[in-house]
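Colleague: Here it is: the structure, laid out below.
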Amino acid sequence: MKSIWIVNQYSVTPEYPASTRHYELAKYLGKQYKVTLWGSNFIHHNKQFRFSRWTLAKKQFMEGFCFLWLGSIAYKDNGPFRMINMLLYACWFWVVGLFQRDKPDVIIGSSPPLFTAFSAMLVAKIRKAVFILEIRDLWPDSLVDITGKDDTFIIKILRWMERVLYQKADKIVVLTEGISSRIQQKGIRADKIFFLPNGIDLENVSMPEDCSVQRNTIREQMGIGQHDFVFMYAGAHGPANDLMQIIEAAKLLRKESKIKIVLMGEGVEKGKLQQKVMEYELDNNVLFLPAVSKAYVQKYLSCADAFIICLKDVPLFEGALPNKLFDYLMHDKPIITTVRGEIEAFLKRNHLGIYGNMKEDGSDFLPTVIYNLAQGNMYPLVCLGKEIVEQYFSREMQAKELVAIIER
């Protein structure tokens, strides 16, 4: 039986509030291969250790595959300790990967961070395994777009690593068509790239049996009235998400007491967002919820009347198709996106949602979009999101497509 390694420092199990893409792919790949999923003992999403702080390596057997957790150091924000964390994890994987008794036939190295993917490539070449590079986000392009710094020493190192990875990979898996286009612009052949988007494991989607009861109970606990219109954002609260534009929109809608905005998740920007809500006296308009595990996220999403996908307005994110989109689609409710490009085209093509921003004072102005949607003044949306997910974005179906790549 062939042995497949999937290496992603940020891999998690379903009880964590993060993408379980690789856990789910490993589960289905495990029906045909011997699969090992590599993750970090320090969980990036809640800044806690899964096991003891001093755990260097620990195996857990999951749903037909092995999860191998490697030790790393703790960090809080996007400071130097996070960079050290990424470097140490990549080095430790290189050491453990070289001497692991199980010899891999295929190694899938996922980026970001690039360091882990680069380490996976080195192990694959030394152990004579096929190397598949997966790009979830374009590093260092996204770092440059967010920070505006393109000439630092670390960016130059990352650009070199990026070039080597593209050249040495036997196949490159991308999560969006936008990422594929950007990689081709860097000189990589189209036939070397394979599109495998985010999706949902329909087998384990935790949809409430009685959504109306769950919905009303949770809304009541949050102090939301029966006739309030709730817009919900679920995901990271970081610089790339630029959630401050939602707060600014809420400020302009302050007098619309029936419009509620719920921000669910964690991140380095959350404290600033909460402070701004207090400064603007929006406690009655904007509510914050902590991040919840994948197992419970659908229950909370059922409380919304519409959803928001929020990203920083930079060219790179015009090619984004974030994982939260597919969680939203399961509820057949309209979605607002604050970024143009692939998300906007997907929503409009399928009559699932609309675009809104804080720059253009017109029909696309975000407060206007929110207000009109809450008032029922927007053009009718079909919102057959669940049907689209079942047809095109099932994780089991995606695993079969990945098997076909591996076999070729």
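The values are calculated or read from the model by the stated rules, or taken from the named source; none is laboratory data. Worth saying up front: this structure is predicted, and the values here are computed from it rather than measured. Because the Cβ atoms are built from the backbone with ideal geometry, glycine has one as well, and the counts that use them run over all protein chains shown. Calculation scope for accessible area: heavy atoms of the full protein, side chains included, ligands and nucleic acids excluded. Shrake-Rupley method; radii C 1.70, N 1.55, O 1.52, S 1.80 Å.
Colleague: Would you mind telling me which residue in T217, T338, T176 has the biggest mean-square fluctuation in a Gaussian network model of the chain, where springs connect alpha carbons within a distance under 10 angstrom?
Modeller: T217
Colleague: Any idea which of V173, W160, L143 is furthest toward the positive side of the dipole for the chain, if Lys and Arg beta-carbons carry +1 and Asp and Glu beta-carbons -1?
Modeller: W160
Colleague: Looking at segment 273-344, which GluC sites (Glu not before Pro) are in a loop (DSSP not H, G, I, E or B) and have at most 11 other Cβ atoms within 10 Å? It would help to have the intermediate numbers written out before the result.
Modeller: Values: sites: E279, E281, E318, E342, E344; in loops: E281.
Those satisfying the criteria are E281.
Colleague: I'd like the GluC sites (Glu not before Pro) in segment 9-94 restricted to DSSP loop residues with at most 13 other Cβ atoms within 10 Å, sorted by number.
Modeller: Working: sites: E15, E24, E63; in loops: E15, E63.
Answer by residue number: E15.
Colleague: Name the most mobile residue of A74, A291, A90, meaning the one with the largest mean-square fluctuation, in a Gaussian network model of the chain with Cα contacts below 10 Å.
Modeller: In this elastic network of the chain, the residue with the biggest mean-square fluctuation among A74, A291, A90 is A74.
Colleague: Leaving out ligands, DNA and RNA, and with a 1.4 Å probe, what % of the accessible surface on the chain is carbon or sulfur?
Modeller: On the way: 9630 of 18080 Å².
C and S atoms contribute 53 percent here.
Colleague: Would you please give the residues with an amide H less than 5 Å from that of A57, counting only those at least 5 places away or on a separate chain, with H modeled from the backbone geometry?
Modeller: G71
Colleague: What nm distance separates the two modelled labels at A404 and E220, each placed 7 Å from Cα along Cα→Cβ?
Modeller: In this crude spin-label approximation the distance works out to 4.9 nm.
Colleague: With only Lys, Arg, Asp and Glu charged, each at its Cβ (+1 for the first two, -1 for the last two), find how big the charge dipole of the chain is about the Cα centre; round to the nearest 20 debye. Walk me through the intermediate numbers first.
Modeller: Numbers: 51 positive and 45 negative charges, 342 e Å.
Magnitude of the dipole: close to 1640 debye.
Colleague: Please work out how much length the chain gains when fully extended from E63 to K128, using 0.36 nm per residue of separation minus the C-alpha to C-alpha distance, in nm with one decimal. Don't skip to the end; give the middle numbers.
Modeller: Working: separation 65, 0.36 × 65 = 23.40 nm, distance 2.76 nm.
In short, 20.6 nm is gained.
Colleague: Let me ask you something else. Once you place label points 7 Å from the Cα toward the Cβ at V164 and E387, how far apart are they in nm?
Modeller: 5.0 nm
Colleague: First select every other residue whose beta carbon is under 15 angstrom from the beta carbon of G79; then total the charges, Lys and Arg +1, Asp and Glu -1. Before the final figure, lay out each step's value.
Modeller: Details: positive: K47, K76, R82; negative: D77, E269.
With Lys, Arg at +1 and Asp, Glu at -1, the net is +1.
Colleague: Placing unit charges on C-beta atoms (Lys and Arg positive, Asp and Glu negative, everything else neutral), compute the dipole magnitude of segment 190-276 about its Cα centre in debye, rounded to 20. Don't jump to the answer; show the numbers that get you there.
Modeller: Details: 11 positive and 12 negative charges, 128 e Å.
Here the size comes out at about 620 debye.
Colleague: Next question, about the same structure. I'd like the antiparallel share, as a percent to the nearest 5, of DSSP beta bridges with both residues in the chain. The partial results should precede the final answer.
Modeller: Working: 7 of 54 bridges.
Once the DSSP bridges in the chain are tallied, antiparallel ones form about 15 percent.
Colleague: Given charges of +1 on the Cβ of Lys and Arg and -1 on the Cβ of Asp and Glu, with all other atoms neutral, how large is the dipole of segment 94-240 about its Cα centre, in debye to the nearest 20? It would help to have the intermediate numbers written out before the result.
Modeller: Working: 18 positive and 18 negative charges, 214 e Å.
Using Cβ point charges on Lys, Arg, Asp and Glu, segment 94-240 gives about 1020 debye.
Colleague: Of the listed peptides 93-102, 133-142, 262-271, 46-55, what is their order by residue-averaged count of other C-beta atoms within 10 Å, with the highest listed first? Don't skip to the answer; put the middle values down first.
Modeller: Working: 93-102: 15.0, 133-142: 22.1, 262-271: 19.1, 46-55: 13.1.
So the order, starting with the most tightly packed, is 133-142, 262-271, 93-102, 46-55.
Colleague: Among Q398, Q221, Q298, which one moves the most in a GNM of the chain with springs linking Cα atoms closer than 10 Å?
Modeller: The residue that fluctuates most here is Q221.
Colleague: Heavy-atom accessible area per residue, segment 114-235, 1.4 Å probe: how many Å²?
Modeller: The answer is 48 Å² per residue.
Colleague: Next question, about the same structure. Which residue, chosen from I84, I246, M358, occupies the Cα position most advanced towards the positive end of the dipole of the chain, where the dipole is computed from +1 (Lys, Arg) and -1 (Asp, Glu) charges on Cβ about the Cα centre?
Modeller: I84
Colleague: OK, next. Just want to confirm a number: the relative contact order over the chain, from Cα pairs under 8 angstrom separated by 6+ residues, in percent.
Modeller: Working: 748 pairs, mean separation 56.5, N = 408.
Contact order relative to length: 14 percent.
Colleague: Using Cα pairs under 8 angstrom and six or more residues apart, how large is the relative contact order of segment 1-113, in percent?
Modeller: On the way: 194 pairs, mean separation 33.8, N = 113.
This gives 30 percent for segment 1-113.
Colleague: When only Cα pairs under 8 Å and 6 or more residues apart are kept, what is the percent relative contact order across segment 252-408?
Modeller: Details: 173 pairs, mean separation 27.9, N = 157.
Relative contact order, segment 252-408: 18 percent.
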